[in-house]
Amino acid sequence: MHMADALLAPAVAATMYVASGTAAGISIHKLKKDDEPRKLPVMAVTAALVFAGQMINYTIPGTGSSGHMCGGMLLSALLGPQAGFLSMIVILAIQCLFFADGGLMALGANVWNMAFYGCFVGYYLIWRPILRGRLFGEGRGAQRARIILASILGCVVTLQLGAFSVVLETSLSGITELPFGAFVALMQPIHLAIGLIEGLITTAVLLFVFESRPELLQDVAPAEGASKRSLKAVVAVLAVVALLVGGGLSLLASSNPDGLEWALFGNADAGYSENMGLDEEDFGVSSAAADKAGEIQEKTSFLPDYAFPESEAAVGTSVSGVVGSAMVAGVALLLCLVGGFFRKKKEKNA
């Protein structure tokens, strides 16, 4: 669902930067009093896991399309909505700047579409009410059922909202080649399928955490002695999974276009519909701002499209997965440490 700059008018892109920036500012403000050391390694490793997971495009059977996880629901369930949202910003910014995945001018829109809904709408309207409720009764079995329901429902609903936002932002940008109704009719069903699969992936990760260290999950009240693994063991397992996914499984990712690309360009080469039938080499709106953003990306992206420049060697994908995961984990950890340092300094001077 990473939008290219050509899909947005500068005014719309600027508006989405303001919206996403405001949400980020509020998140930082609310996290000022959060001082949980255990969140540091968890934030780093889960952000790396989401980065790696987004590299895996899974085929949507019978459509000629593919999808990948967004990760907002997963991160907010583990870290809370504010920390999850900031982690998603780190992921999307690194993808944009160093791997040319998503436009730089469109980064504010991509943060809103892929992070805001999953982290805030998904948490406050779906995850927290379900996990704090008494649906399915009491006990660990009921908690498992609530985690499954919240994970799948949250991913489906928030991806639907994100997909609709893409259509709305593109329409407001005045791209006449994309009739609103037709674009909606393509985007919503394909992202329903993508959301269902992401819900299953999210469920699997969160159930592992629940069985290992349930206190790491938001709004879960673990029973006495419920933890089966040490925090170090859980972090180590998630880190290994991130490396295996980014460095190995990424080689098996589907070559079919993702949901947004499929809606725009179709997949006629593989015998499927052309859908909106746009020309991949010449589509959307052009602007000086988009041109400038593209120039910046060309200079900063040292592994464009998750590959070595001007090379089709598979090892480039593996290197991208490992390097990107490490960068995301490092930046997330650094931000936590810097935030903790200034918070303690302020408290000391108070």
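The values are calculated or read from the model by the stated rules, or taken from the named source; none is laboratory data. Small disclaimer: the values here were computed from a predicted structure and weren't measured. Please note: Cβ atoms are built from the backbone with ideal geometry, for glycine as well, and neighbour counts cover all protein chains shown.
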Notebook entry, point to check: Of the conditions (1) part of a loop (DSSP other than H, G, I, E, B); (2) at pLDDT 90 or above, residue 284 fails just one. Which one is it?
Noted result: (2)
Item checked: Conditions (1) surrounded by 20 or more Cβ atoms within 10 Å (Cβ to Cβ); (2) out of contact with any Ser or Thr (no Cβ under 8 Å at 6 or more places or on another chain); (3) at pLDDT below 95; number of the one not met by residue 140 -> (1)
Next item on the list: Looking only at the range 208-228, decide whether some residue is surrounded by 13 or more Cβ atoms within 10 Å (Cβ to Cβ), of a type in the set (Phe, Trp, Tyr), more than 20 Å from residue 92 (Cα to Cα) and modelled with pLDDT under 90.
Entry: no
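Return the only residue of 231, 243 being crowded, with 16+ Cβ neighbours inside 10 Å, out of contact with any His (no Cβ under 6 Å at 6 or more places or on another chain) and modelled with pLDDT under 95.
Values: 231 fails: crowded, with 16+ Cβ neighbours inside 10 Å.
Only one candidate qualifies: 243.
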Next item on the list: Please indicate, with yes or no, whether at least one residue in the range 62-74 is crowded, with 24+ Cβ neighbours inside 10 Å, among the hydrophobic types (A, V, I, L, M, F, W, C), at negative phi and part of a helix (DSSP H, G or I).
Entry: yes
Notebook entry, point to check: Would you say residue 29 is surrounded by fewer than 22 Cβ atoms within 10 Å (Cβ to Cβ) and under 11 Å from the mean Cα position of the chain (by Cα)?
Noted result: no
